[in-house]
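A.B. asks: One structure is given below, represented as structure tokens, and several questions about it will come after.
Nothing in this text is a laboratory measurement; each read-out follows from the coordinates by a stated rule. Just so it is clear, the model here is predicted, and its values are computed rather than measured. Cβ sites come from the backbone with ideal geometry, for glycine too, and all protein chains shown count toward neighbours.
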Amino acid sequence: FEQPRSIADSMRGRLKADEAHLQLGGLRNYLDKLASANRIVVVACGTSWHAGLVAEYLFEELARINVEVEYASEFRYRNPVINENDLVIAISQSGETADTLAAIELAKSKGATIFGICNVVGSSIARATHAGAYTHAGPEIGVASTKAFTAQVTVLTLMAIAVAWRRGTLSEELYRQLLIELETIPSKVERVLAKAAPIREIASIFTYSRNFIYLGRGLNFPVALEGALKLKEISYIHAEGYPAAEMKHGPIALIDEDMPVVFLATKDNSYDKIVSNIMEVKARKGRVIAIVTEGDALIPGMVDFVIEIPNTHDVLTPLLSVIPLQLLSYYIAVLRGRNVDQPRNLAKSVTV
Ligand code: F1P
């Protein structure tokens, strides 16, 4: 519920639509380096890794830079091909995650430049990186990342816009349009949070489901992964996130009347394809909860439950579409009597 403020804080002082660049704190002096990078490699864990996947879509789409997103927990044990022409972005809420720190040290030893996106000033990861931007989200009260995710995505979006501008891959019109639209995001998040009561109703219907599938395409694919992770972390329900187009390659076998399927079905450039995916699930009697754009007249007639979110530019969608998934997980966990702030087996920062 703090996200309207934490997203605004992550943008504060950084949006300068009247200037030809954005203020990105410690990254400012490194903008040319970022813009001329041969490749960006993102290293992170858990929710921060999902923010990295969003960044992959953003940097590719807006700035046309090749991006690879690596689980730090795997990367650190490999012998990755990486050198001084690569730029590594390390993302971490706590700034203390041991796997991410080890991945940074490995990339550094091979000559790469490392940027950090952290929430905690002076944390180990902030100190280990060459430069970085803080997210200013404030401390997460619980163990599971929520506002950290949207703050990370906000900063990564600003970075992608700034780099795209510098590389000349973004028109002035789109540049201004995105900055203006970004400023509306906190109030739009507020409008999604106002739907907490109907989301709780949906949660009460699915409280004792044993499995869930989350499906999305494009920028909503990482959001599907994040929705599934939130449900796993705090309610202990088995949940899988997939790219919706991947469903036919296996997960479709799981669909029946006992399988709730959460679709990220906002009005973006993959809308028609998502509609076909919903039809495939309904034909197999799956129960569908769809996150749709306000005013959608088609999908509500096809599915079992809908949650509307305000319209925004395609590339900013994750900042809104993740909110109902966080609320759904929260209410399912509460209704199951779970301690949402301190889930079993999870540590706030994984330092070993
Ligand atoms: C990474 C992370 C979190 C998760 C849990 C365990 O932390 O996987 O995403 O919710 O807290 O750690 P961080 O590097 O972003 O602090």
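A.B. asks: Identify, by number, the condition in (1) farther than 19 Å from residue 219 by Cα; (2) buried (at least 22 other Cβ atoms within 10 Å of the Cβ); (3) aromatic (Phe, Trp, Tyr) that residue 149 doesn't meet.
C.D. replies: Unmet for residue 149, out of (1) farther than 19 Å from residue 219 by Cα; (2) buried (at least 22 other Cβ atoms within 10 Å of the Cβ); (3) aromatic (Phe, Trp, Tyr): (1).
A.B. asks: Kindly provide the set of residues from the range 25-45 that are in contact with an Asp or Glu (Cβ under 9 Å, 6 or more places away or on another chain) and closer than 15 Å to residue 151 by Cβ, ordered by number. Walk me through how you get there before you give the answer.
C.D. replies: Of the range 25-45, the ones in contact with an Asp or Glu (Cβ under 9 Å, 6 or more places away or on another chain) are 37-45.
If the condition is that a residue be in contact with an Asp or Glu (Cβ under 9 Å, 6 or more places away or on another chain) and closer than 15 Å to residue 151 by Cβ, then 44 is the only one that fits.
A.B. asks: Count, please, the residues in the range 294-333 that happen to be closer than 15 Å to residue 198 by Cα and touching a Ser or Thr at 6+ places or on another chain (Cβ under 9 Å).
C.D. replies: Result for the range 294-333: 8.
A.B. asks: Working only within the range 146-185, note down all residues that are in a loop (DSSP other than H, G, I, E, B) and either touching a residue at least 40 places away in the same chain (Cβ under 8 Å) or within 13 Å of the ligand (Cβ to nearest atom) (or both). Please lay out each step first, then the result.
C.D. replies: Taking the range 146-185 and keeping what is in a loop (DSSP other than H, G, I, E, B), we get 146, 168-171.
Residues satisfying the conditions are 146, 169, 170.
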